[in-house]
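Reading through the structure tokens given below for one structure.
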Amino acid sequence: MVHYPRFEVTNHFTESAYHYSASLMTTEGTRFEPLLIDDIYALECESFAKMLRTGEMDFSYEELVRPVFYLAAVEQAYRTGERQTVPEITV
């Protein structure tokens, strides 16, 4: 579970099951949404090609590296069994 000041998000990982969803629990209630990322690779390639053509990035450096810090904290929590804090990102 990932704790934020106003809400919590649960993560579920199952080997060889490539279905994604998000659960969001707030003081206003709970929300569950499937994440449809079927075209993610095509979208990423389009974004990269656009950057090469225009020199403009669709995402900031912080947005690009934030998932790496997040997944590193998830892995560390799994390995240690201890709560982890995702560090602030400064690029």
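Per the conditions (1) at positive phi; (2) touching a Ser or Thr at 6+ places or on another chain (Cβ under 6 Å), the sole criterion not satisfied by Ser23 is (1). When Pro34, Pro67, Pro5 are checked against the criterion of being in contact with a His (Cβ under 8 Å, 6 or more places away or on another chain) and exposed (fewer than 10 other Cβ atoms within 10 Å of the Cβ), a single residue qualifies: Pro34.
Candidates are the residues of segment 61-91 that are of a type in the set (Ser, Thr, Tyr) and under 15 Å from the mean Cα position of the chain (by Cα); the one that is modelled with the highest pLDDT is Tyr61. Among the residues of segment 45-55, is there at least one that is within 26 Å of Gly81 (Cβ to Cβ), surrounded by 10 or more Cβ atoms within 10 Å (Cβ to Cβ), without any contact (Cβ under 8 Å) to a residue 12 or more places away in the chain and not small (Gly, Ala, Ser)? Looking through segment 45-55, none of the residues is within 26 Å of Gly81 (Cβ to Cβ), surrounded by 10 or more Cβ atoms within 10 Å (Cβ to Cβ), without any contact (Cβ under 8 Å) to a residue 12 or more places away in the chain and not small (Gly, Ala, Ser). The residue pairs whose first member lies in segment 1-13 and is under 13 Å from Ala77 (Cα atoms), whose second member is acidic (Asp, Glu) and assigned to a strand (DSSP E or B), and whose beta carbons are closer than 8 Å, counting only pairs six or more residues apart or on different chains, are Met1/Glu8; Val2/Glu8.
When you scan segment 59-77, do you find a residue that is within 17 Å of Val9 (Cβ to Cβ), assigned to a loop (DSSP other than H, G, I, E, B) and touching a strand residue (DSSP E or B) at 6+ places or on another chain (Cβ under 9 Å), even just one? So far as segment 59-77 goes, no, none of its residues is within 17 Å of Val9 (Cβ to Cβ), assigned to a loop (DSSP other than H, G, I, E, B) and touching a strand residue (DSSP E or B) at 6+ places or on another chain (Cβ under 9 Å). A Cβ distance below 8 Å, combined with a sequence gap of six or more or placement on separate chains, defines the contacts here; from segment 14-29, residues that are within 24 Å of Tyr4 (Cβ to Cβ) reach residues that are modelled with pLDDT under 80 and aliphatic (A, V, I, L, M) in the pairs Ala22/Val9; Ser23/Val9; Leu24/Val9; Met25/Val9.
The values are calculated or read from the model by the stated rules, or taken from the named source; none is laboratory data. Predicted model, so just to flag it, every value in this text is computed and none were measured. Ideal geometry is used to build each Cβ from the backbone, glycine not excepted, and the neighbour counts take in all protein chains shown.
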